[in-house]
Amino acid sequence: MRQATVYIDSQALQYNLNRVKQLAPTAKIVSMVKANAYGHGIKDCLAALNSTDNFGVACLEEALEIRKLGYQQPITLIEGIFSEEEMDSVIQYGLECVIHQSAQLDWLKARKEEYITKNLKVWVKLNSGMNRLGFKVPEIIEIINSLKAEGFSCVLAMHFANADADHPLNEQQKTQFLQVKEACDPVLASCCNSAAIFKWPELNFDYVRPGIMLYGASPFADKSAHELDLKPVMTFDAAIIALNQIQTGEAVGYGSTFVASQDMQIAIVSIGYGDGYPRAFIKPNYVMINNKPAPVIGRVSMDMIAVDVSGLTVTLGTQVELWGKQRLVDEVAEANGTIGYELLCRLSNRPKRILK
Ligand SMILES: *Cc1c(COP(=O)(O)O)cnc(C)c1O
């Protein structure tokens, strides 16, 4: 059988969830499991994250999967619902909506009694400068105060555009958030993703919304998962399926872009962009074999890559770590001109998935 495997380490996931608890001891934790738990597989991740307070997802379909698997925690729909019909499922399955559009406000109010009876919170989104979703100041103050007057329990919600960096917009976003929080006092509040959980403990408030840190990758470009005391949850492995001796001047792979400058031994590994391994590297890339780096040479194909194994002890079937505990996904992402989030989310269904 083709060895292309995604291992999920549920203890690492639990360890990272405990890191969130350490960093935000008084806040409830909304574990973000959108996009199939950042590509890790929703079913296995829910089991490991079962001690979380809430889950956060991007759409109704993702929320219904959680309910189908039997989990009862509150679920926040971070973009809210996309049509009035979805309100039926919201009520039936007890889902909590983000409200960022006045239409959503109308849909919610039309089902007011049921929503309130079910004890569901309304997450009202502030646009404090990211300019994706939300109401601006002062409109949001009126909205929250009128929802409260109607008996709704509200969470003021906001998302930082630059929590991972020093950026002047951070101050503006914080100031506006605190201003609205005060003007709507008392109101529940939530503004921290992973980066903000690390950076601004004073902003943890009632709910924190960790995503990437749960999976053991770093939200920061300049700090590794190890430095943040996070444990990588995913190990992406494949195996050597051929070993070739090539001579100086011979080329490898499509486009013959790699030409050997000396005689060398290369290994063909059964992994490619059809599995979600990225193709377009902007920097030299390598994989790990028995804890040693082996450079990826030539182009990544759909099903195979070639690596330079000169000087390494390898045989057919030797395991190769594409990313995981030795080679961090964030490092592969950096060589690929992207972020760990993207590589994790865009894995295909082809690799086997094994829970450890
Ligand atoms: C995805 C998401 C998060 C989690 O962000 P990370 O950077 O992965 O921690 C938090 N809040 C909202 C609204 C999100 O969409």
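The values are calculated or read from the model by the stated rules, or taken from the named source; none is laboratory data. What you see is a predicted model, and the numbers here were worked out from it, not measured in a lab. With ideal geometry, Cβ positions are generated from the backbone for all residues, glycine too; neighbour counts draw on all protein chains shown. Areas reflect the complete protein model, heavy atoms only, side chains present, ligands, DNA and RNA absent. Shrake-Rupley method; radii C 1.70, N 1.55, O 1.52, S 1.80 Å.
Could you work out what % of the accessible surface of the chain is carbon and sulfur, using a 1.4 angstrom probe and leaving DNA, RNA and ligands out of the count?
In the chain, the share of accessible area belonging to carbon and sulfur is 50 percent.
Give me the accessible area of Arg111, 1.4 Å probe, in Å² rounded to the nearest 10.
That residue has around 60 Å² of solvent-accessible surface.
For the peptides 117-126, 143-152, 343-352, what is the packing order when you average, over each peptide's residues, the other Cβ atoms within 10 Å and list the highest mean first?
Packing proxy ranking, top to bottom: 117-126, 343-352, 143-152.
Calculate how many DSSP beta bridges within the chain are antiparallel, expressed in % of all such bridges and rounded to the nearest 5.
50
Which whole-number value in Å² is the accessible area per residue of region 260-356, probe 1.4 Å?
46
Provide the per-residue ³J(HN,Hα) series for region 91-99, in order, calculated from phi with Karplus coefficients 6.51, -1.76, 1.60 and θ = phi - 60°, each as a whole number of Hz, with x at glycine and proline positions.
Rounded to whole hertz, the list is 6, 4, 9, x, 9, 9, 9, 7, 10.
Rounded to the nearest whole Å², what accessible area per residue is found for region 16-67 with the 1.4 Å probe?
I get 35 Å² per residue for this part.
Check the straight Cα-Cα distances from Lys112 and name the lysines below 27 Å, setting aside those fewer than 8 residues away within the same chain.
Once the sequence-local lysines are set aside, what remains near Lys112 is Lys28, Lys34, Lys68, Lys121, Lys125, Lys136, Lys148, Lys181.
Can you give the three extents of the C-alpha atoms in region 253-350 along their principal axes, from longest to shortest, in whole Å?
Extents along the principal axes, in whole Å: 37, 29, 24.
Let me make sure I get this right: for region 1-93, a, b and c are the square roots of the gyration tensor eigenvalues over alpha carbons, sorted descending. Under 1.5 in a/c it's rounded, otherwise prolate if a/b > b/c, else oblate. Which is it?
Oblate shape, in that a/c is at least 1.5 and b/c is the bigger or equal ratio.
Accessible area per residue for region 107-238 in Å², computed with a 1.4 Å probe and the full protein assembly in place, what is it?
Details: 5470 Å² over 132 residues.
Averaged over the residues of region 107-238, the accessible area is 41 Å².
Have a look at the DSSP beta bridges in region 154-291 and tell me what percent are antiparallel, nearest 5.
In region 154-291, approximately 65 percent of DSSP beta bridges are antiparallel ones.
Could you rank Glu334, Glu182 by how accessible they are, 1.4 Å probe, largest area first? Could the numbers behind the result be given before it?
Details: Glu334 100, Glu182 150 Å².
My answer, sorted largest first, is Glu182, Glu334.
Placing +1 at every Lys and Arg Cβ and -1 at every Asp and Glu Cβ, with all other atoms neutral, what dipole size does the chain have around its Cα centre, in debye to the nearest 20?
Dipole of the chain, to the nearest 20 debye: 580 debye.
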